[in-house]
Amino acid sequence: MNGEPALTRAAADRDVKEKMVGVLLFACAALTIFVTASILFTLAYDTITFFGFEETTVVDFLTGLEWEPRNGHYGVWPLVSSTLVVTVVSALVAIPIGTAAAVYLSEYASPKVRSVIKPSLEILAGIPTVVYGYLALVYLTPWLRDIGLPLGTFNLFSASIMVGILIVPMVSSLSEDAMSAVPDSLRQAGYGLGATKYEVSTGIVIPAAVSGIFSSYILALSRAIGETMIVVMAGGLRTSLFDPFDPFGSLAGSGRTMTASMVNAVTSDATGGSPEYYSMFAIGLSLFVITFLMNLASNRIAARYREEYQ
Amino acid sequence: MNPTETPTDRTMKRVETDGGVPMEDDQESTADAAKADGGTEKLVDVSPSHSVPDDDDDVRTRSTETAITTRDLNVYYGDEQALDGVSMDIYEHDVTALIGPSGCGKSTFLRTINRMNDMIDVCRVEGDVEFGGKNVYDDDVDPVALRRKIGMVFQAPNPFPKSIRDNVAYGLKIQGYDGDVDARVEKALKSAALWDEVKDQLDSSGLDLSGGQQQRLCIARAIAPDPEVVLMDEPTSALDPVAASKIEDLIDDLAEEYTVIIVTHNMQQAARISDRTAVFLTGGRLVEYDDTTKIFEDPEEQRVEDYITGKFG
């Protein structure tokens, strides 16, 4: 132990270790990119196969108002409209409730109350979506019919509300993180000027956290768009184009979302290799494009409103 | 701004901001103080309490009316006592400095006045704080209304991530002021000696300003609703010397309209800007409270002298 310190060799050892750690970490990061790229490639490849059938064209797919694979109609709009309906209605449920819960947790709740409610909300996010679907079909829809709403057994309305409940924890948890990150000195300044708790929450904390709150909305909406199990179970599979002149009528009936249609393509009797089977890849790619655009928008918005704190 | 600027630069800067009063004034007054002081040894180099001459050369008249009176004020955080029997009369239009070592209770005292301590669950207050003929800890006092009459400036500049205009107008907005908000914003920014620097960029973010400008913005925000008292909690401790000296100049002007209570850990600053100084020492006790010149030149208490000369703390 008393010998000359082996300066060079120890350093060289460390060098190798450092390099190995670097390579390992890079490999993990690269794997995610590789997987994403592979998924995209597969989707694109099979989409091309889909458009290779003679009864399918890109124009019909993107502009068609009918989805009737048996009759050779592959217009995606009924599916997209049902997906958008579910997204909008679930947002109407989740954004007010989620934001209000976030304000409560961040500004009003005592540490004790928060320590109970926050984990509970996060447990809500961990429940398998098939359970939500079951609750919507077996409890929510009958209950809504009991109070007089003219709903079908399968309907988009219950499905949307359940999707909304599913994404409340996403909105509240991420928004609460954004609000808690607002420096306390800003609240102090508000209280020092004689602001009430409500004025501080709405006039100072929310505007200061707006970029994070917006990101949470977009992420939650992306989740709603991609949600599958609830809409398959409670929303049914009948394709229907949303009628803007009878919005509630459209909501009260069954509707097939993009994701539901993809499930149908693999579980129904559509034979592998048929256009109906391959349609799920074209729908999948469309879905990917929509969520990708939303994430892009979310990043833009977050960057636009980001404020530098002290 | 560069904090390593030489003292000469700093003086010049200060004179510049003071409307071009010639530098000789400053030097002359310092010399006068030295003469007036005769041979007595000074504990701290105390320039006369307002080292920067006013534009109009008048001396602020000292009021004998009390703005705030505390009686036997005890404050506890849980089991720990932060203030111990503090009784103090704070006079209108005075600049009252609160000094003392860390943890002596000076900031607690400040935050007890406008009940900012209410938000700390474990904080308990005993005794009276009289303001406007009322004990602010009476059950029927609304702390929100109280804080609208007592402005506060914090240790680090904390402008809202809003425009300069919205920052200053915030207090007016929440108080439902329906007069000419822009005029009030302009007045407050002028009082905070910031108007000339920001008048062309009122809609840009308050966070784009330098640290010193941000702190003056916070002062403008605090005085825009026209409070009676302005509390300042170490307002210059996060600023470079040039920015700090601008704030010091400003405090003297503010006292014309407001009663200013300032916590500082910088004894030279207390000596320069305040009329009266309260010295808190460990245990949250108010040890001595008197005219600033008296405290710094001839304190009654040996402990105060030891603290001021840097023997402890």
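Bear in mind that the values in this text are calculations on the coordinates, not laboratory data. As the structure is a computational prediction, the values presented were derived from the model and not from experiment. Cβ placement follows ideal geometry from the backbone for every residue including glycine, while neighbour counts extend to all protein chains displayed.
What the table shows:
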quantity: FRET efficiency for residue A:104 and residue A:246, using Cβ-Cβ distance with R0 set to 30 Å, rounded to 0.05; calculated: 0.20
quantity: Listed residues A:25, A:35, A:51: farthest to the positive end of the dipole of region A:7-52 (Cβ charges); calculated: A:25
quantity: Residue-averaged beta-carbon neighbours from other chains (10 angstrom radius) around B:108-117; calculated: 1
quantity: Length gained when the stretch residue B:199-residue B:290 is fully extended (0.36 nm per residue, less Cα-Cα span); calculated: 28.7 nm
quantity: Equivalent ellipsoid semi-axes - Cα gyration tensor, the protein assembly as shown, angstrom; calculated: 65, 30, 24
quantity: Over region B:63-222: Kirkwood hydrodynamic radius from C-alpha pairwise inverse distances, Å; calculated: 17.4
quantity: Most mobile of A:61, A:245, A:51 in a GNM of chain A (Cα contacts under 10 Å); calculated: A:245
quantity: Cα gyration tensor shape of region B:92-146, rounded if a/c is under 1.5, else prolate or oblate by comparing a/b with b/c; calculated: oblate
quantity: Qualifying chymotrypsin sites (Phe, Trp or Tyr not before Pro) for region B:256-313 [loop in DSSP, other Cβ within 10 Å: at most 14]; calculated: B:312
quantity: At 1.002 mPa s and 20 °C, Stokes D of region A:7-52 from Kirkwood alpha-carbon radius, µm² per second; calculated: 160
quantity: Net lengthening on full extension, residue B:311/residue B:135 (0.36 nm per residue, minus Cα-Cα); calculated: 59.6 nm
quantity: Label-to-label distance, nm, for residues given as residue A:70 and residue A:196 (7 Å Cα→Cβ offset); calculated: 6.1
quantity: Chain A, helix-only ellipticity at 222 nm - DSSP H runs n ≥ 4, -39,500 (n - 2.57), divided by all residues, nearest 500; calculated: -22500 deg cm²/dmol
quantity: Residue order, fewest to most surrounding Cβ atoms within 10 angstrom, among B:104, A:28, B:123, B:218; calculated: A:28, B:123, B:104, B:218
quantity: Cβ charges +1 (Lys, Arg) and -1 (Asp, Glu), total dipole of region A:7-52, debye; calculated: 240
quantity: Sparse-neighbour loop sites [GluC sites (Glu not before Pro); region A:188-280; at most 10 other C-beta within 10 Å; DSSP]; calculated: none
quantity: Inter-site label distance for residue A:88 and residue A:33 at 7 Å from Cα along Cβ, in nm; calculated: 3.9
quantity: Relative exposure of B:150, A:161, judged by other C-beta atoms within 10 Å (fewest first); calculated: A:161, B:150
quantity: Packing rank of A:189-197, A:149-157, A:228-236, B:136-144, where each peptide gets the mean count of other beta carbons within 10 Å, highest leading; calculated: A:228-236, A:189-197, A:149-157, B:136-144
quantity: Label-point separation, residue A:18 to residue A:271 (7 Å along Cα→Cβ), nm; calculated: 6.3
quantity: Pairs of alpha carbons in region A:62-305 whose separation is greater than 32 Å (percent); calculated: 30
quantity: Over region A:161-280: Rg over Rh, Cα atoms, Kirkwood Rh; calculated: 1.22
quantity: Relative contact order (%) - criterion: Cα under 8 Å, at least six apart; region: region A:62-305; calculated: 27
quantity: Helical segments meeting 27 Å axial Cα length and Kyte-Doolittle 0.0 threshold in chain A (DSSP H); calculated: A:7-52, A:77-103, A:156-180, A:275-305
quantity: Centroid-to-centroid separation of region B:172-190 and region B:238-282 [C-alpha atoms, Å]; calculated: 26
